[in-house]
Amino acid sequence: MSKLGLRVAGGLLTLSAVGIGGIVAASGANAWDPAVWDKVAYCESTNRWDINTGNGYYGGLQFSHSTWAAFGGQTYAPEANGATKDQQIAIARRVLSVQGPGAWPACSVKAGLTKDNGGADRNALPSGTAAAPAPTTVTTKTATATPAPAASEVVSYKQLVTVNGVMGPLTIAEMQRWTGAKTDGIWGKQTSKSLQVKVGAKVTGVRDRQTTVKLQSLVGTKPDGIWGRQTTTGLQKFLNAR
């Protein structure tokens with residue numbers, strides 16, 4: 001069984017390189033076949049999307065911790081096995097866009113995985129997740145309409161976020177502004193550290209259970225240590241109310 005994450009651990013990819021975007025497959029991600037990921041997962045984990053055997057690889061597609069974090073997986077769960085199948089596939093499509101099928105060297109061959117049928121897309125989102133809304137315009141005193149900054153740009157002033165339970169770039173950026181982290185809309189180790197300092201959690205650089213419980217207690221959601229849609233909704237309401 002192949003183990004996803006070796007190429008990241010080998011230094012071929014850094015978080016900063018991932019954060020600035022990648023190349024989408026030439027034919028686009030519109031004609032991809034979700035079933036091919038079931039074949040890869042069957043080879044990797046017998047389609048056990050919540051698997052954690054203690055070998056350092058997690059979920060149906062066997063992500064290492066470093067790969068999951070580098071491609072934004074901690075937006076959904078600290079490790080891949082805590083995320084849904086659709087969320088794991090979304091991160092896999094991001095990996096595929098950068099590393100290609102070779103990220104799963106044996107199982108991609110068995111499953112017939114390619115960039116085209118796997119939907120390679122550096123910005124892939126889980127099925128049913130809407131993209132962040134286009135920024136609105138702000139009219140100045142001179143009646144000149146100025147576009148609001150994109151989510152990937154630094155946001156230095158407070159913005160209201162859409163309360164939809166989705167941890168998108170704008171929600172992350174506004175949370176970063178609240179915690180004092182760099183407001184780039186990308187959740188990485190520094191974002192986790194800043195959040196942990198802000199909520200009084202142990203600083204580990206990972207969005208772990210104890211951090212989630214602290215945040216949930218602060219925003220008024222059930223402190224169960226599981227970061228799901230309700231936690232994100234509570235955070236969005238909290239950020240908007242400040």
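Here are a few things to note about the model shown:
- Residue pairs exceeding 31 angstrom between C-alpha atoms, taken from Lys85/Lys189; Lys202/Lys237; Lys182/Lys222; Lys110/Lys202: Lys110/Lys202.
- Computed over the range 149-241: relative contact order in percent, which uses C-alpha pairs under 8 Å that are six or more apart: 27
- Global form of the range 149-241, assessed from the alpha-carbon gyration tensor, a/c cut-off 1.5: oblate
- Between Lys237 and Lys202, the modelled labels are 3.0 nm apart [label points 7 Å from Cα along Cα→Cβ].
- With each label modelled as a point 7 angstrom along the Cα→C-beta vector, the Asp33-Ile226 pair spans 3.4 nm.
- Multiplying the residue separation of Arg209 and Lys182 by 0.36 nm and removing their Cα-Cα distance gives an extension gain of 7.4 nm.
Read the figures in this text as sums done on the coordinates, not as results from a lab. In this text, all values refer to a predicted model and were calculated from it rather than measured experimentally. As a convention, Cβ positions derive from the backbone with ideal geometry for all residues, glycine included, and neighbour counts pool all protein chains shown.
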